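K.L.:
Encoded as structure tokens, here's the structure I'll be asking about.
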Amino acid sequence: MFLQQLLNSIAIGSVYALTSMGATLIYGILGILDIANAGAYVLGAYLGLLFYSLTGNIIISFAAAMATTGLLGILIQKYVYRPLLSQPAYIPLIASIGIFIFIENVIRLIAGPTIKQFTVKLPFSNLDYANLHINNVWVLIFIVALILMFLLWYLLKMTKIGLAWRATSQDLDIAKTMGINTNKVISLNFFLGYSFAASAGILIGILYNSIYPTMGSVVSYKMLAIIVLGGLGNPFGTVIAALLIGFIETMVGAYIGFFIPRNAIAFVALVIILLISPKGLFTQKSRI
Amino acid sequence: MKRSFISLFLLVILLFAMSSLVMAQDVVKLGFFAPVTGPAAADGESALNSAKLAVEVINEEGGIDGREVQLVEYDDHLDSKQSVSIAQKLTTRDNVVAVVSGSYSGTTRPAATIYQNAKVPMISAYAIHPDIPKTGDYIFQQSFPGPVQGRVGGYMAVDDLGAQKIAILYVDNDFGSTLNDNFQEYVKEKGAEVVYVDSFAIGEREFNPVLTKIKGLNPDLIYVVAYAGEGAAIMRQSVDVGIEAQILGTEGMDSTTQFLQVAGEAAEGLIITTNLNRDSEEEQVIDYINRYTEKYGFAPDMVGASTYDAFMLLAHVMRQVGPDSEAIKDAMYEVEDYMTNTGLLYRYTEVGEAIKPVQVQVVKDGEFHYYDQITDMDIIAP
Amino acid sequence: MYAIVVMINVGIFVLLALSLNIITGYAGQPNIGQGAFFGIGAYTGAVLTGKFGIYFWLAMPFAAIITGFIGFFLGLISIRIKEDFLAIVTIALNFIVAAVFQNVEFFGAAMGLSVPPPNWFGESLSYQGYLTIIIILIILVVIFSKWIEKSWLGMALGAIRNNEMAADSLGIDTKKFKIMAFVIGTSIAGLTGVVYAHYMTFIMASDFGFLTSVTILSMVILGGNNTIRGPIIGAVILGLIPEVFRFISDYRLLVYAGILILMIRFQPSGLLGDDSFVWNKLKLLKASLGRRRGA
């Protein structure tokens, strides 16, 4: 049974990693805690369902939803966040909370508050080997997560714009004086960050066969806990932190039972780790 | 002289006409509040839909002695500060004669105090916290209280389904914990063993770890106290994990659109305790289900049916004693064997708890169907 | 009667916003978990009067002190963890505190806690009574805040707020003053909590969650951080939105979020903040009036 629980935890961890990736990228470049990313998560799920019901093709729906949400990200950073960069950090945070609530309510008003199904037939079925069970959507999540992570890695380490990105995240002003088109880099960053969140939303929607306007509420603060743990701005650290949280939540649930709500576990871990290492597990030095 | 007489005469006629117009506009106002926005928006919307339908039907039937019933509805956003403020507004500004709560227990409870103090009768449609009716003699519950449902669950588990080893998963709010407590009390008394208990927060979707663990314990039955979202996830994942034990649920999962559709085939065989019997042969139930579906495009659920019944009960009482708050309150205690869409209301206890049979439904071929109806007074009397 | 209830609701938010202003305004420490301290005060007060039968008027200051004591620990944490990390820790603590109230039997767990009405010369306290208490508290807190602004504490906090490292190097005991800010701010929130609990007669963990904390913070920022008038006006505006916009209650949250975004985007110093459009205009108005009188 331990092996099964281990598989459970990897599945949960991968989802967390994908969900939190957007927020960590955004923090890495602008130093903003973007709760609106959870709004992108919800929006992505709804757009995914919309496109899927229109086209019947899950890959097109994925791409379309991710692109649309990514574009929204570009708009948000251009018109809301960039003008606020000179303010103390909690100002854009409040703006992001406002945006999150706004997105949630627009969705509720347009699509209704009830849970909608998101049934997708995958080309492969569940894996049942020995005593172990792996849900086919988990496999999909894992595959998508790997692909997206690889794309991100390639972009950051192997391309010119990736270099510009890393420079900008180290120091925005110096990068600007070096002639880097920081606006372009920031836009790309937000586009990817929001589209990642959208992909996570779609995957979760398919996994649980339900999308609903409040599906982002737990995500909104849990992803903050994860990116802080992983060292804000560090995608690699975020993946580790996400897997770690997934592991702790699963194992505590399986072997100790929930003496506190499962979602509080991430926070308890967060407070403890921050007290030991006030800037997160993986600090600025190992950023991107 | 003649001219002034005629004008006086006309004036009197005019006054008569105007006063009758004023009297015709004399409406009977009923207050209502539900969490139409916020985390419980789905239930709030369901309740509001039914409230509107109920008032429509009441007026079609002639209103109350010819007077039109007007619904004064508010959204409490599942915030108790709001429900308190709404209660003040309804009792001091809006002059309602009675109120129906379409909201959860957390918001209904503080509001109940205000209605009690203002001597305005309030019926809680589906909030089943046992302390609500105890607030005072003006406060009633439309459905059987939580402890009753928990006991019936226990009865079904042990006496009907013969389970000896039981695992329990419940949502960690007052709904879940009330049902869990009473369920456990009953089954333990009957000698069954509770092998595992765990709770989860509203909105939880990930149950694989805990279900994997439960599978290892091999219980005969799993008692699940959850709402539609979590319930659907539990059903789907228990199939995934390979659990074969019978699952027993509650009215929280009583929803066609939100639960059955999302859970799909995984819900097959589920038994729940609730108050709406889809297979009922009572004409009024069939009428209600059809009419609701026609008007709103989807089938009504427990929340909707309970809200609808609360209004119909008020109308029934008002037609007997008139739209006066105190008279309504007194008459409620006199109600005997009144048929509602959610079962026969035997009567109210002296604290305003409803004594009604509990419906037990089973999911067969993707729909809720009749399984059993518990009328044993020992179990259903609060 | 309805008007009194609305004023009580707004008054409670005014007190909470003023309490947060001391931490996030004067001391510049981001705190998105003030709801937790509101809750700690509420539950402590409810337990003291409900389970131990202590006189409400005694329970009030006592609960405030206990809340401040816990705030002390947050202050300690703030020494080690800073800025946005601190913000996240406050969110985490808010969540953990709410989870404790939701799950521990002593606090009523999921069933919530019933709170007995306070005694005022033999009778239960009326709504007018509550409103009076709240108004008195608001006046006291405003006077206290004004005093802080002019005192050593206020100046030290201002220095910390502007640049903590610089303040440190100037020899200011940033640790001590930060802790003081947290203790004061959280105690006031706790005090408000006790009044709230008795006014509502029933409290649940969900009353004190993340959304509440965000609301309080929004009020401070909307009105103008680091001022006294700011939190008051912010609380009044955001507190009245549910009432004023009840006719479009479906869109209420949308409106609220929209106002928040617009305000933050175009006037981050708040509606009546020191540098805001409105405040500058008001200052000009005051100046021109003064000139006319003088001439």
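K.L.:
Could you work out the local net charge near B:MET253, counting Lys and Arg as +1, Asp and Glu as -1, over the other residues with Cβ closer than 10 Å to its Cβ?
P.N.:
Values: positive: none; negative: B:GLU230, B:GLU251, B:ASP254, B:ASP301.
Every neighbour counted, the sum reads -4.
K.L.:
Oh, and also: About the Cα centre of the protein assembly as shown, what is the dipole size in debye to 20, counting +1 per Lys and Arg Cβ and -1 per Asp and Glu Cβ, all else neutral? Numbers along the way, then the final one.
P.N.:
Working: 61 positive and 74 negative charges, 1159 e Å.
Approximately 5560 debye in magnitude.
K.L.:
Relative contact order, percent, of the range C:2-294 when contacts are C-alpha pairs under 8 Å separated by at least 6 residues?
P.N.:
Values: 475 pairs, mean separation 95.5, N = 293.
Relative contact order here is 33 percent.
K.L.:
Something else about it: Take every Cα pair under 8 Å in the range C:186-295 that's 6+ residues apart, average their separations, divide by the length, and report that relative contact order as a whole percent. Write out the running numbers ahead of the final one.
P.N.:
Values: 90 pairs, mean separation 24.5, N = 110.
Worked out over the range C:186-295, it gives 22 percent.
K.L.:
Can you give me the relative contact order of chain B as a percent, contacts being Cα pairs under 8 Å and 6 or more apart? Could the numbers behind the result be given before it?
P.N.:
On the way: 793 pairs, mean separation 62.9, N = 382.
Rounded, it is 16 percent for chain B.
K.L.:
If I fit a long axis through the Cα atoms of helix B:283-296 and take the longest principal axis of the Cα atoms of chain B, what angle between them do I get, 0 to 90°, rounded to 10?
P.N.:
Taking the Cα atoms of chain B, the angle to B:283-296 is about 80 degrees.
K.L.:
Also, I was wondering about something else. Of B:GLU185, C:GLU243, how do they rank once you tally other Cβ atoms within 10 Å and put the fewest first? Intermediate values should be presented prior to the final figure.
P.N.:
Details: B:GLU185 14, C:GLU243 17.
Going from sparsest to densest Cβ surroundings: B:GLU185, C:GLU243.
K.L.:
Can you sort A:THR182, A:THR19 by how many other beta carbons sit within 10 Å, fewest first? The partial results should precede the final answer.
P.N.:
Details: A:THR182 22, A:THR19 27.
Going from sparsest to densest Cβ surroundings: A:THR182, A:THR19.
K.L.:
Moving on. Which of the peptides B:283-294, C:251-262 is most tightly packed, and how do the rest follow, judged by the mean count of other Cβ atoms within 10 Å per residue? Don't jump to the answer; show the numbers that get you there.
P.N.:
On the way: B:283-294: 15.2, C:251-262: 18.7.
Order by mean packing, descending: C:251-262, B:283-294.
K.L.:
Moving to a separate point now. How would you order B:36-43, B:333-340 from highest to lowest mean count of nearby Cβ atoms within 10 Å? Kindly include the intermediate steps, with their values, before the conclusion.
P.N.:
Values: B:36-43: 24.5, B:333-340: 14.1.
Sorting B:36-43, B:333-340 by mean packing, highest first, produces B:36-43, B:333-340.
K.L.:
Cα-based Rg (one decimal) and Dmax (whole number) for the range C:60-191, in Å?
P.N.:
Both quantities, over Cα of the range C:60-191: 18.3, 57 Å.
K.L.:
How large is the translational diffusion coefficient of the range C:1-137 in µm² per second when you combine the Kirkwood radius over alpha carbon pairs with Stokes-Einstein at 25 °C and 0.890 mPa s?
P.N.:
The diffusion coefficient I find is 150 µm²/s.
K.L.:
Could you give the distance between the Cα centres of the range A:138-154 and the range C:67-84, to the whole Å?
P.N.:
Comparing the Cα centres of the range A:138-154 and the range C:67-84, I get a distance of 39 Å.
K.L.:
While we're looking at this one, here's another question. From zero up to wherever the largest Cα-Cα distance of the range A:132-264 sits, split into 5 Å bins and tell me the percent of pairs in each.
P.N.:
So the P(r) values, bin by bin, are 2, 8, 13, 19, 20, 15, 9, 6, 4, 2, 1, 0.
K.L.:
For the range B:280-372, report the convex hull volume of the alpha-carbon atoms normalised per residue, in Å³, without decimals. Mind showing how you got there, number by number?
P.N.:
Details: hull volume 10.7 nm³, N = 93.
Here the figure is 116 Å³ per residue.
K.L.:
Where in the range B:89-115 is the amide nitrogen less than 11 Å from a point lying 7 Å along the Cα-to-Cβ axis of C:PHE247?
P.N.:
Once the point is set 7 Å along Cα→Cβ of C:PHE247, nothing inside the range B:89-115 turns out to lie under 11 Å by backbone N.
K.L.:
Let's test this: bin the Cα-Cα distances of chain A at 10 Å from zero up to the farthest pair and state each bin's percent.
P.N.:
7, 28, 36, 22, 6, 1
K.L.:
In whole angstrom, how far apart do the alpha carbon centroids of the range B:261-301 and the range C:169-248 sit?
P.N.:
45
K.L.:
Over the range A:163-234, what lengths in whole Å, largest first, do the semi-axes of the equivalent ellipsoid take, defined as the square roots of 5 times the eigenvalues of the alpha-carbon gyration tensor?
P.N.:
Details: eigenvalues 199, 41, 15 Å².
Each semi-axis is the square root of five times an eigenvalue, giving 32, 14, 9 Å.
K.L.:
When Cβ neighbours within 10 Å are restricted to other protein chains, what is their mean count per residue of peptide B:337-344?
P.N.:
Details: counts 0, 0, 0, 0, 0, 0, 0, 0.
Going residue by residue through B:337-344 and averaging, the value is 0.
K.L.:
Related question: Which lysines, on any chain, are close to C:LYS175 with Cα under 30 Å apart, when same-chain ones fewer than 8 places away are left out?
P.N.:
A:LYS222, A:LYS279, A:LYS285, C:LYS82, C:LYS146, C:LYS150
K.L.:
Looking at the protein assembly as shown only, what percent of DSSP beta bridges run antiparallel? Nearest 5 please. Could the numbers behind the result be given before it?
P.N.:
Numbers: 25 of 59 bridges.
Around 40 percent antiparallel, to the nearest 5.
K.L.:
To the nearest Å, what is the center-to-center distance of the range B:351-382 and the range B:122-146, using C-alpha atoms only?
P.N.:
Each part's Cα centre sits 18 Å from the other's.
K.L.:
A further question follows. So if I place +1 on the C-beta of Lys and Arg and -1 on the C-beta of Asp and Glu, and nothing else carries charge, what would the dipole magnitude of chain A be about its Cα centre? I want it in debye, nearest 20.
P.N.:
Numbers: 15 positive and 6 negative charges, 100 e Å.
With only Lys, Arg, Asp and Glu charged at Cβ, the dipole is about 480 debye.
K.L.:
Kindly put C:SER151, B:SER306, B:SER85 in sequence by how many other C-beta atoms sit within 10 Å of each C-beta, fewest to most.
P.N.:
Numbers: C:SER151 11, B:SER306 32, B:SER85 23.
By the 10 Å Cβ count, ascending, the order reads C:SER151, B:SER85, B:SER306.
K.L.:
Between Rg and the Kirkwood Rh of the range C:2-294, both from Cα atoms, what is the Rg to Rh ratio? Mind dumping the intermediate values first?
P.N.:
Working: Rg = 19.3 Å, Rh = 19.6 Å.
Value, to two decimals: 0.98.
K.L.:
Please build a GNM for chain A, connecting alpha carbons under 10 Å apart, and tell me which residue among A:PRO235, A:PRO123, A:PRO278 fluctuates the most.
P.N.:
Fluctuation is largest for A:PRO123.
K.L.:
Hey, got the dipole for chain B? About the Cα centre, +1 on K and R Cβ, -1 on D and E Cβ, debye to the nearest 20? Please list the in-between numbers first.
P.N.:
On the way: 27 positive and 55 negative charges, 286 e Å.
Roughly 1380 debye for chain B.
K.L.:
Next question. Cross-link partners among lysines for B:LYS29, C-alpha distance below 24 Å, same-chain residues fewer than 8 apart left out?
P.N.:
Straight-distance partners of B:LYS29: B:LYS52, B:LYS81, B:LYS89, B:LYS119, B:LYS295, B:LYS329.
K.L.:
Among A:ILE101, A:PHE267, A:ILE12, flag the residue with its Cα farthest along the positive direction of the charge dipole of chain A, charges on Cβ as +1 for Lys/Arg and -1 for Asp/Glu.
P.N.:
After comparing all options, I get A:ILE101.
K.L.:
Would you kindly compute the Cα radius of gyration of chain B and its largest Cα-Cα separation (Dmax), both in Å?
P.N.:
Considering chain B through its Cα atoms, Rg and Dmax are 23.2, 103 Å.
K.L.:
List the lysines whose Cα lies under 17 Å from the Cα of A:LYS176, skipping any in the same chain that are fewer than 8 positions away.
P.N.:
A:LYS78, A:LYS160, A:LYS184
K.L.:
Could you state the orientation-averaged shadow area of the convex hull built on the Cα atoms of the protein assembly as shown, in nm² to one decimal? Numbers along the way, then the final one.
P.N.:
On the way: hull surface 196.0 nm².
For the Cα atoms of the protein assembly as shown, the hull's average projected area reads 49.0 nm².
K.L.:
Still on this structure: Residues of the range A:177-192 with backbone nitrogen within less than 17 Å of a virtual label 7 Å along the Cα-to-Cβ line of A:LYS160, please, listed as ranges.
P.N.:
A:178-186, A:188
Taken together, the values in this text are just the output of simple stated rules run on the coordinates, not laboratory data. Everything quoted here is computed from the prediction, not taken from an experiment. Using ideal geometry, Cβ is built from the backbone for each residue, glycine included, and neighbour counts are taken over all protein chains shown.
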